[in-house]
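Peer 1: Take a look at the following structure, please.
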Amino acid sequence: GGLIAICGAFIWAELATRLPAAAGGQYAYLREAYHPAVAFMYGWGLLLVTQTGGMAAVAVIFASYFRALTGANWNDSAIAAITLFALTAINCFGARAGSNVQSALMLLKIAAIAALVIIGFAVGHPATAALRSEGLLGESASFG
């Protein structure tokens with residue numbers, strides 16, 4: 001998987017150096033390489049097929065975590081729909097508003113991870129932090 005990812009990264013780097021003024025990512029590259037109609041069809045296919053499925057799946061997962069954390073007695077589908085509607089509304093205000101919200105959420109995630117690390121060092125005891133060969137569920141976690 002890592003080798004394929006690095007190959008993809010090299011391809012994107014090559015495209016960016018060949019078309020440095022092309023803003024728009026894949027759409028711009030398809031428009032320049034083939035025809036604006038190909039890029040147009042790609043954009044709509046991405047919006048209506050590819051991105052929507054992924055966004056819906058992530059929204060449903062967010063809804064289940066949200067209900068577990070808050071104890072809200074709402075339907076997962078309703079929480080997912082409200083979340084998607086709110087993010088869509090934010091993006092309707094422009095790219096800067098969406099970018100600001102994305103940056104704020106990223107900082108929130110970093111703060112949560114940092115809090116877990118700090119709490120782990122503050123509360124954890126070295127004697128109980130050793131890796132155990134039986135694993136968490138009593139199954140062997142050793143190699144070989």
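The values are calculated or read from the model by the stated rules, or taken from the named source; none is laboratory data. Note that the structure is predicted; figures quoted are calculated from it, not measured. Positions of Cβ are generated from backbone atoms using ideal geometry, with glycine treated the same way; all protein chains shown enter the neighbour counts.
The rows are residues; the columns are (1) of a type in the set (Ser, Thr, Tyr); (2) over 18 Å from the mean Cα position of the chain (by Cα); (3) on the phi > 0 side of the Ramachandran plot; (4) part of a loop (DSSP other than H, G, I, E, B).
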residue	(1), (2), (3), (4)
TYR27	yes, yes, no, no
THR50	yes, no, no, no
VAL58	no, no, no, no
ASN73	no, yes, no, yes
ALA86	no, no, no, no
GLN102	no, no, no, no
LEU105	no, no, no, no
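Peer 1: Quick check on my filter: what residues within the stretch 93-103 are surrounded by fewer than 10 Cβ atoms within 10 Å (Cβ to Cβ) and within 20 Å of ILE61 (Cα to Cα)?
Peer 2: Scanning the stretch 93-103 gives no hits.
Peer 1: Now, a different point. Looking only at residues that are exposed (fewer than 11 other Cβ atoms within 10 Å of the Cβ) and of a type in the set (S, T, N, Q) in the stretch 55-92, which one is farthest from SER103 (Cα to Cα)?
Peer 2: Out of the qualifying residues, it is ASN73.
Peer 1: For residues in the stretch 27-50 being over 20 Å from TRP12 (Cα atoms) and loosely packed, with under 12 Cβ neighbours inside 10 Å, which is modelled with the highest pLDDT?
Peer 2: For the stretch 27-50, the residue satisfying everything is ALA37.
Peer 1: Another question, then. I want to confirm something. Restricting to the stretch 8-25 and keeping residues that are under 21 Å from the mean Cα position of the chain (by Cα) and hydrophobic (A, V, I, L, M, F, W, C), which single residue is modelled with the lowest pLDDT?
Peer 2: Here the residue is TRP12.
Peer 1: Identify the single condition in (1) within 19 Å of ALA57 (Cα to Cα); (2) at pLDDT below 95 that ALA127 does not satisfy, given that it satisfies every other one.
Peer 2: (1)
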